[in-house]
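**Student:** One structure, as structure tokens, below. Some questions next.
The values are calculated or read from the model by the stated rules, or taken from the named source; none is laboratory data. Owing to the predicted nature of the structure, the values given are computational and were not obtained by experimental measurement. Methodologically, a virtual Cβ is constructed for each residue, glycine included, from the backbone with ideal geometry; neighbour enumeration extends over all protein chains shown.
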Amino acid sequence: MTRDRLAKQILQWEPQGGETRIGRPPTSWRETITRDLKEMGLTYDEAIQLVRNKNEWDAFLLPVASNGDWSNR
């Protein structure tokens, strides 16, 4: 993925200060995704490798319960 692609820019964006509620630090999109991947039993780098192969990604997602229960992973 080249640097100027929008998806790459979004993935690597870091919040720059700004106004947030007291006690709530700014969270980047990547931090949110990383936390969600951890629940799925994947690291960020593992997920990037997995999604590069559509068949592998589909096979990973297939057994996921419709209610979002990742405990079968």
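**Student:** For the stretch 44-63, name all the residues that are of a type in the set (A, V, I, L, M), assigned to a helix (DSSP H, G or I) and farther than 19 Å from Lys8 by Cα. Full working, then the answer.
**Tutor:** Of the stretch 44-63, the ones of a type in the set (A, V, I, L, M) are 47-48, 50-51, 59, 61-62.
From what's left, assigned to a helix (DSSP H, G or I): 47-48, 50-51, 59, 61.
Ala59, Leu61 - these are the residues of the stretch 44-63 that are of a type in the set (A, V, I, L, M), assigned to a helix (DSSP H, G or I) and farther than 19 Å from Lys8 by Cα.
**Student:** Moving on. Is it the case, given these coordinates, that Gly41 is at pLDDT 85 or above, in a loop (DSSP other than H, G, I, E, B) and out of contact with any helix residue (DSSP H, G or I) (no Cβ under 8 Å at 6 or more places or on another chain)? Explain how you work it out, then say what you get.
**Tutor:** Values: at pLDDT 85 or above: yes; in a loop (DSSP other than H, G, I, E, B): yes; out of contact with any helix residue (DSSP H, G or I) (no Cβ under 8 Å at 6 or more places or on another chain): yes.
Considered against the rule, which asks whether it is at pLDDT 85 or above, in a loop (DSSP other than H, G, I, E, B) and out of contact with any helix residue (DSSP H, G or I) (no Cβ under 8 Å at 6 or more places or on another chain), Gly41 comes out as yes.
**Student:** So, in the stretch 14-38, of the ones that are surrounded by fewer than 11 Cβ atoms within 10 Å (Cβ to Cβ) and among the β-branched types (Val, Ile, Thr), which residue ends up modelled with the highest pLDDT?
**Tutor:** Ranking the qualifying residues of the stretch 14-38, first place goes to Thr32.
**Student:** So, one more: Glu56: modelled with pLDDT of 70 or more, surrounded by 11 or more Cβ atoms within 10 Å (Cβ to Cβ) and under 11 Å from the mean Cα position of the chain (by Cα), yes or no?
**Tutor:** Details: modelled with pLDDT of 70 or more: yes; surrounded by 11 or more Cβ atoms within 10 Å (Cβ to Cβ): yes; under 11 Å from the mean Cα position of the chain (by Cα): no.
Against the criterion (modelled with pLDDT of 70 or more, surrounded by 11 or more Cβ atoms within 10 Å (Cβ to Cβ) and under 11 Å from the mean Cα position of the chain (by Cα)), Glu56 does not qualify.
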